[in-house]
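To start, the structure under review is shown below, and the notes come after it.
The values are calculated or read from the model by the stated rules, or taken from the named source; none is laboratory data. Just so you know, these numbers come straight off a predicted model, no measurement behind them. Cβ placement follows ideal geometry from the backbone for every residue including glycine, while neighbour counts extend to all protein chains displayed. We work out accessible area using only protein heavy atoms, side chains counted, and drop any ligands, DNA or RNA first. Shrake-Rupley method; radii C 1.70, N 1.55, O 1.52, S 1.80 Å.
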Amino acid sequence: MIYDVLVIGGGPAGCKAAELAGKAGMKVVLFEKEQLGGVCLNYGCIPTKSLLHGIKLYSQMKNDAPLFGVTASDIVVDPNILWKRAEQTMNRLHSALRYRLENCHVNIIQGEAQWKCKHSGIFEVSCCGQIFCGQHLILATGGQPYIPDIAGIRQGLQSGFVATPRDILKTPDIPQSLVILGGGAIGMEFATIYSGLGAKVTVIEKESSIGGGVDERISSFLLEFYRKRGVTFELSTVATCVAENGLFLQNGKHLNTDKILLACGWESALTQHDVTNLHIIGDANGKV
């Protein structure tokens, strides 16, 4: 069987491409080595927004409700229930996404795929011991966290002292102290979550403002807001060395911490190819 479209990567870009091709009447096969939905659904946007909603409710009860005469005692947030709620949300969306794709007659293959070569205008993809052939190949293999060139950071990742957002979201373990490298959107989301759950959070940002390039008035507002919530900042500086129990900064300071979270950005790990009928989309193309 010759497919019209082969799609490698079942994140937002790959799933949407497969869905649109299926709706157009094409024969489509989609390969995904993990869960459908990619980073967004499994380790990024969806679980963090679920956790943030819980933190928002908790914060409103503690800080805002008394302003309206609504008070309660012994308000607590249970990280285990918070994480379970996020997992339930992800599972529901997994099912909905799979249903949508199957309803468009997309053949979903669970496994790691490799495109091998192209003969007579046909692409070949190997997965799960089989060869799949198609006229068009879409690579939607996503990206990966940017790992800055800092002494000791690789060793920290191996030991678990340093974590990526994907790593830290695996369990509801809340460190007593957390240093976040990066004050952009991702870094500030995790600052909200973990400071809301009681961790002492410090954000390291190389720029003089936070928010990842937002208007400076918004950045100043966010900075004041987070500081009132107990988050501390080291701006206009970078980490130079990760040690066993903390890290050293370019400004000469040394910070002790229980865990370091990398939120320094995102990059494509894919080599670009100039091949007819080969399309690279989403984070994989490195354009956004």
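Structural remarks
- Only one of HIS53, HIS94 that is over 18 Å from ARG166 (Cα atoms) and either of a type outside the set (Val, Ile, Thr) or part of a helix (DSSP H, G or I) (or both): HIS53
- Criterion applied to PHE225, PHE248 was being free of Cβ contacts under 8 Å to residues at least 24 places away in the same chain and surrounded by fewer than 16 Cβ atoms within 10 Å (Cβ to Cβ), and the one residue passing it is PHE225.
- If you go through region 1-50 and keep only what is within 18 Å of ASN107 (Cβ to Cβ) and within 13 Å of the chain's Cα centre (by Cα), you end up with GLY11, GLY37.
- Scanning region 135-160 for residues that are under 21 Å from the mean Cα position of the chain (by Cα) and closer than 24 Å to GLN35 by Cβ gives LEU139, ALA140, THR141, GLY142, GLY143, GLN144, PRO145, TYR146, ILE147, LEU157, GLY160.
- Within region 268-286, the set of residues being buried (at least 16 other Cβ atoms within 10 Å of the Cβ) and part of a loop (DSSP other than H, G, I, E, B) comprises LEU270, ILE281.
- Pairs where the first residue, in region 31-60, is over 26 Å from THR141 (Cβ atoms) and open to solvent by less than 20 Å² (accessible area, probe 1.4 Å) and the second is polar (S, T, N, Q) and modelled with pLDDT of 95 or more, C-beta under 8 Å, 6+ apart: ILE55/THR192
- Test result for THR237, over 22 Å from the mean Cα position of the chain (by Cα), of a type in the set (Val, Ile, Thr) and either outside any strand (DSSP E or B) or at pLDDT 95 or above (or both): yes
- Annotation note: Cβ proximity below 6 Å between a residue of region 264-288 that is under 17 Å from GLN114 (Cα atoms) and a residue that is open to solvent by 70 Å² or more (accessible area, probe 1.4 Å) and of a type in the set (A, V, I, L, M, F, W, C) (sequence gap 6+ or interchain) occurs for no pair.
- Extreme residue, nearest to GLY22 (Cα to Cα), among residues of region 117-159 that are open to solvent by less than 30 Å² (accessible area, probe 1.4 Å) and in a loop (DSSP other than H, G, I, E, B): ALA140
- Any hit, region 33-43, residues being in a helix (DSSP H, G or I), touching a Phe, Trp or Tyr at 6+ places or on another chain (Cβ under 8 Å) and within 26 Å of ILE193 (Cα to Cα): no
- Residue within region 177-194 that is free of Cβ contacts under 8 Å to residues at least 60 places away in the same chain and polar (S, T, N, Q) present: no
- Residue match in region 81-90 (condition: assigned to a helix (DSSP H, G or I), at pLDDT 95 or above and of a type in the set (Asp, Glu)): yes
- Criterion violated by LEU255 - all others in (1) more than 30 Å from LYS116 (Cβ to Cβ); (2) assigned to a loop (DSSP other than H, G, I, E, B); (3) open to solvent by less than 80 Å² (accessible area, probe 1.4 Å) satisfied: (2)
- Condition check for VAL76: at pLDDT below 95, under 22 Å from GLY286 (Cβ atoms) and of a type in the set (Val, Ile, Thr): no
- Within region 78-116, considering residues that are polar (S, T, N, Q) and touching a Cys at 6+ places or on another chain (Cβ under 9 Å), the one surrounded by the fewest Cβ atoms within 10 Å (Cβ to Cβ): GLN114
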